[in-house]
């Protein structure tokens with residue numbers, strides 16, 4: 001069941017302690033100390049709706065909001081892996097933004113596998129590429145042994161997936177992603193953050209990830225994205 005576009009089990013009040021990305025606010029305290037902040041009943045299996053040819057707005061956070069993507073080289077490497085994954089699983093990237101501690105993607109369902117398959121591969125490959133050898137750990141293991149010396153996972157175990165099936169909602173999600181770096185104070189305008197799809201829409205500039213490959217491009221010519 002959904003309520004106002006959000007899964008019903010996510011619609012509850014609790015004190016947010018993170019003032020940045022609102023989509024991630026509910027996950028900001030996820031980890032071993034989550035119970036100290038919220039009463040969060042998570043179902044055993046998140047319901048994900050596939051097969052309806054919707055777009056998927058995906059949010060994935062680094063483990064415990066650690067800034068694993070804080071450097072330009074790390075963000076570049078993530079985008080390189082995203083493009084390789086796009087080619088292998090044959091899906092369309094409609095938009096994206098890479099932030100220091102989380103990512104947003106707007107993608108179609110892949111021809112090979114599902115969005116969950118894509119995210120599993122993307123997360124695993126990123127962790128292998130960017131975490132030092134000997135410090136790779138699964139997020140579930142880290143919840144069981146939070147004080148372990150080598151307990152360093154790259155991603156949170158789960159990701160948030162919102163089905164998008166209207167043009168208006170697609171534009172809304174693109175604008176949200178593109179404005180995220182400005183809202184966080186990382187840059188003064190969206191085009192200054194080169195780790196998003198904004199420059200493709202504004203300048204038709206090709207980036208590390210091929211945006212709208214096989215998809216109808218959205219025009220922002222008469223309004224800011």
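The values are calculated or read from the model by the stated rules, or taken from the named source; none is laboratory data. Since the model is a prediction, treat every value here as computed from it, not as a measurement. Every residue, glycine as well, gets a Cβ built from its backbone with ideal geometry; the counts of neighbours run over all protein chains shown.
Out of everything in region 148-185 that is free of Cβ contacts under 8 Å to residues at least 24 places away in the same chain and in a loop (DSSP other than H, G, I, E, B), what residue ends up being nearest to residue 62 (Cα to Cα)?
Of everything passing the filter in region 148-185, 157 is nearest to residue 62 (Cα to Cα).
Do you know which of the residues in region 128-139 that are more than 19 Å from the chain's Cα centre (by Cα) and modelled with pLDDT of 55 or more is nearest to residue 60 (Cα to Cα)?
The qualifying residue nearest to residue 60 (Cα to Cα) is 132.
Looking at 175, 158, 179, 184 in this structure, which one is within 19 Å of the chain's Cα centre (by Cα), farther than 20 Å from residue 55 by Cβ and at pLDDT 90 or above?
Of 175, 158, 179, 184, the one residue that is within 19 Å of the chain's Cα centre (by Cα), farther than 20 Å from residue 55 by Cβ and at pLDDT 90 or above is 184.
Can you confirm whether residue 191 is exposed (fewer than 14 other Cβ atoms within 10 Å of the Cβ), at pLDDT 90 or above and either part of a helix (DSSP H, G or I) or touching a strand residue (DSSP E or B) at 6+ places or on another chain (Cβ under 6 Å) (or both)?
No.
Between a residue in region 109-134 that is touching a residue at least 12 places away in the same chain (Cβ under 8 Å) and at positive phi and any residue that is part of a helix (DSSP H, G or I) and surrounded by 13 or more Cβ atoms within 10 Å (Cβ to Cβ), which pairs come within a Cβ distance under 8 Å, given they are 6 or more apart or on different chains?
113/89
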